[in-house]
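Comments concern the structure below.
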Amino acid sequence: MKATEENKSTTMVTLEAETVGLDELQNASFENDSNLYELIRIIEKPGFTKMKIQLIPLKEGEGKLNVWGSHERVNNLKKFTVHIKNINGELKLTLEEKADYLSSVGLLDITADEKIKNISLSKLDGKLVSDNVSFENCINSNYYTCIGIEERGKYIATVRFATGKDLRYAIEAIVQKEGRLYDIKTLRERPTYVFDIEELFNHDYSYDKEALKKIGKHTTLTPNANWYN
């Protein structure tokens, strides 16, 4: 409400479940550019969980909005582009729903001591998507790096480390039958892998340690490391 008082030449937009094609509205959040508009979540009255979302434009620009809810008892996520324009001295906010297939996050198995210099992303047919993909450490994890995948399909992500070493990841983004979120599968390229039986069982209390020592370690080879389907 403070934002409204400070800038009265705005038009507030109120979202309800029906407004965005949902049966129930559960939450909404900024994706980026949170300074473009104010987002207020409103519960109609105590004990009643029906939610409304109010959007108050603050300045001209284009941002994004994520809206969570349910439709026909299936959890759903919708994404919108937020357009804010100054029309005759008044800020007007409009929403444009993005395509049914929405971006999601791919997790790359990278440990904290592996310093990344650059990540490129290509389609499986070799078509370059980006030679410099944005990446960040996944929340609450020292073992994964997150990158965004915008469209369904099969990809190869090539990670170049500070040491100059390159490592590839196979990525598949498929659309779940229920809802709109991608199911992202990633696989780190490993031409060889050491299978350590003792390490595999080191968290168990009851096992034959002497037998495991006799089994020892084994190295598996991937004869077709370049093939991905």
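Coordinate-derived values only; no laboratory data. As the structure is a prediction and not an experimental result, all values here were calculated from the model.
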For the pairs 98/185; 117/154; 50/92; 85/185; 59/154, note any where the Cα-Cα span goes beyond 31 Å.
85/185; 59/154
Collect residues whose amide H, placed 1.01 Å from N in the peptide plane, falls under 5 Å from the amide H of residue 11; neighbours closer than 5 in sequence don't count.
91, 93
